[in-house]
Amino acid sequence: MELAVEVEAGEAGFDAGRLARIDRHFAGYVEDGRLPGWLVLVARRGRIVHLATCGQRDLEAGLPVEADTRIRIYSMTKPITSVAAMMLYEEGAFALKDPVSRYIPSFADVAVYHGGPASDPVTIPATQPVRLWHLLTHTAGLTYGFHYAHPVDAAYRAAGFEWVAPEGRGLAECCDLWAGLPLLFEPGSEWNYSVATDVLGRVIEVVSGQPLDRFLSDRIFGPLGMHATGFWVEGPAAGKLAALYSPAPGGGPAVRNDQLGERALRRPTCLAGGGGLVSTGADYHRFTQALVGGGELDGVRLLGTRTLRYMTRNHLPGGADLETFGRRLFAETTFDGVGFGLGFAVLLDPVANKVLSTPGELAWGGAASTFFWVDRAEQLTAIFLTQLLPSSTYPLRSELRQLVYQALVD
């Protein structure tokens with residue numbers, strides 16, 4: 001699919017001059033070196049109303065960001081994996097209350113952290129099993145090594161799990177290793193961002209009988225025309241892959257991070273449904289259009305309308321938001337007025353969140369500062385792609401929201 005603006009701003013309910021503020025604002029991030037480059041896409045009622053690129057996909061080679069630049073979307077993989085799982089749910093393959101151990105036996109005897117250091121933790125047996133809905137909502141008690149907030153996070157790092165899985169370990173083996181590490185809390189009692197969606201990817205493999213990459217290709221990417229999306233890039237597409245960058249210590253221009261970035265150039269041993277995909281603006285636009293369209297795009301239906309509505313309700317117990325029920329992703333991140341559904345964050349209260357937006361938005365982002373949201377009430381979608389790790393570095397997500405919504409004038 002070729003990306004291009006498809007509708008005049010005014011016809012889509014936007015003011016063209018106000019939309020231009022988006023590009024001026026984010027160009028400043030490139031001019032002073034905070035970001036290498038970016039792509040932004042805004043669509044309304046199924047048509048692209050704003051599309052812009054700025055800066056470089058590879059600073060050292062002087063290659064620009066283009067519409068077909070390949071981007072590591074990291075945790076923007078999670079909504080895709082969650083949709084894939086719910087497609088199987090619609091076929092009766094599992095129930096949300098099923099214990100994960102029915103599909104991954106190593107989860108039969110999980111234990112909960114009770115004290116002590118990461119090297120010698122005190123644990124107690126979990127009083128209830130980890131269930132499928134816990135994986136979809138990040139309430140399983142699993143974690144990530146990169147959090148640096150708890151001794152269990154340190155135990156993940158000691159086992160080789162920080163940003164990505166250790167070289168040579170497959171998804172099934174990783175799931176067994178995670179099952180053997182302590183849970184942060186009793187399943188269902190708190191929210192913590194974690195490898196839960198990676199475990200969900202393994203459930204998809206077991207239930208479908210296919211490797212995760214093949215299932216996603218056959219059931220989502222192929223039917224939707226997302227032909228540039230996959231777990232690695234090779235051949236001519238490798239030349240389109242953006243370099244990965246991180247903030248310079250102490251400030252200054254972003255610096256290249258090839259240690260993590262070059263892993264996208266080879267097939268991974270662990271097919272990470274929680275963060276392993278590489279995609280493009282055009283491909284992810286197709287996915288967001290299927291979401292805003294109630295689970296269907298161009299005659300291809302991924303999910304039933306009621307299933308998608310159910311996924312995008314707040315599934316946190318008691319209707320709580322992430323600020324009260326969840327553990328902080330990063331010190332700078334707040335989630336007032338934001339709940340969590342089955343694979344997506346769900347905006348409950350824009351006033352509490354203190355960002356101009358619409359109740360009911362579903363959204364998520366990736367570790368390299370990518371993000372998207374889908375506003376079904378306004379029939380609006382937005383995507384921002386760049387390659388700066390970690391995503392907590394700058395408030396890009398809230399800034400784009402305020403700039404997009406201030407441009408709506410209908």
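Taking region 195-209, which residues are touching a Leu at 6+ places or on another chain (Cβ under 9 Å) and either open to solvent by 20 Å² or more (accessible area, probe 1.4 Å) or free of Cβ contacts under 8 Å to residues at least 60 places away in the same chain (or both)?
R202, E205, V207, S208
Can you find a residue that is in a helix (DSSP H, G or I), touching an Asp or Glu at 6+ places or on another chain (Cβ under 9 Å) and crowded, with 17+ Cβ neighbours inside 10 Å anywhere in region 80-96?
yes
For the condition surrounded by 18 or more Cβ atoms within 10 Å (Cβ to Cβ), more than 27 Å from G366 (Cα to Cα) and not small (G, A, S), what is the one hit in V112, V122?
One residue alone meets the criteria, V112.
What do you reckon, is D283 out of contact with any His (no Cβ under 8 Å at 6 or more places or on another chain), acidic (D, E) and either within 17 Å of T386 (Cα to Cα) or surrounded by 23 or more Cβ atoms within 10 Å (Cβ to Cβ) (or both)?
The answer is no for D283.
For the structure I just gave you, tell me whether S189 is in contact with a Ser or Thr (Cβ under 6 Å, 6 or more places away or on another chain) and part of a loop (DSSP other than H, G, I, E, B).
So S189 fails the test.
Any residue in region 52-60 that is of a type in the set (S, T, Y) and in contact (Cβ under 8 Å) with a residue 40 or more places away in the chain?
Scanning region 52-60, I find no residue that is of a type in the set (S, T, Y) and in contact (Cβ under 8 Å) with a residue 40 or more places away in the chain, so the answer is no.
Is it the case that A140 is of a type outside the set (F, W, Y) and open to solvent by 10 Å² or more (accessible area, probe 1.4 Å)?
Considered against the rule, which asks whether it is of a type outside the set (F, W, Y) and open to solvent by 10 Å² or more (accessible area, probe 1.4 Å), A140 comes out as no.
Quick one: is L135 of a type in the set (A, V, I, L, M), crowded, with 19+ Cβ neighbours inside 10 Å and either part of a helix (DSSP H, G or I) or within 20 Å of the chain's Cα centre (by Cα) (or both)?
It is true that L135 is of a type in the set (A, V, I, L, M), crowded, with 19+ Cβ neighbours inside 10 Å and either part of a helix (DSSP H, G or I) or within 20 Å of the chain's Cα centre (by Cα) (or both).
Out of (1) in contact with a Gly (Cβ under 6 Å, 6 or more places away or on another chain); (2) open to solvent by less than 60 Å² (accessible area, probe 1.4 Å), the odd one out for T269 is which?
Of (1) in contact with a Gly (Cβ under 6 Å, 6 or more places away or on another chain); (2) open to solvent by less than 60 Å² (accessible area, probe 1.4 Å), only one is false for T269: (2).
For D23, only one of the following conditions fails: (1) without any contact (Cβ under 8 Å) to a residue 60 or more places away in the chain; (2) open to solvent by less than 40 Å² (accessible area, probe 1.4 Å); (3) under 25 Å from the mean Cα position of the chain (by Cα); (4) under 30 Å from G251 (Cα atoms). What is its number?
Evaluating D23 over (1) without any contact (Cβ under 8 Å) to a residue 60 or more places away in the chain; (2) open to solvent by less than 40 Å² (accessible area, probe 1.4 Å); (3) under 25 Å from the mean Cα position of the chain (by Cα); (4) under 30 Å from G251 (Cα atoms) leaves (2) as the failure.
If you scan region 223-236, which residues turn out to be over 20 Å from the mean Cα position of the chain (by Cα) and either free of Cβ contacts under 8 Å to residues at least 24 places away in the same chain or closer than 14 Å to I204 by Cβ (or both)?
Matches in region 223-236: G235, P236.
Residue by residue through region 53-76, note down the ones that are in a strand (DSSP E or B), open to solvent by 50 Å² or more (accessible area, probe 1.4 Å) and within 12 Å of G239 (Cα to Cα).
L63, P64
Just for region 145-186: of the residues that are open to solvent by 30 Å² or more (accessible area, probe 1.4 Å), among the acidic types (D, E) and part of a helix (DSSP H, G or I), which one is farthest from H134 (Cα to Cα)?
Among them, the one singled out is E173.
Return the residues of region 26-43 that are open to solvent by less than 60 Å² (accessible area, probe 1.4 Å) and more than 23 Å from the chain's Cα centre (by Cα); say none if nothing qualifies.
A27, G28, V30, G33
Only one of S217, S246 is farther than 30 Å from P395 by Cα, hydroxyl-bearing (S, T, Y) and open to solvent by 10 Å² or more (accessible area, probe 1.4 Å); which?
S217
The values are calculated or read from the model by the stated rules, or taken from the named source; none is laboratory data. These figures come from a predicted structure and were not determined experimentally. Backbone-built Cβ (ideal geometry, glycine too); neighbour counts: all protein chains shown. Accessible surface areas use protein heavy atoms only, side chains included; no ligands, DNA or RNA. Shrake-Rupley method; radii C 1.70, N 1.55, O 1.52, S 1.80 Å.
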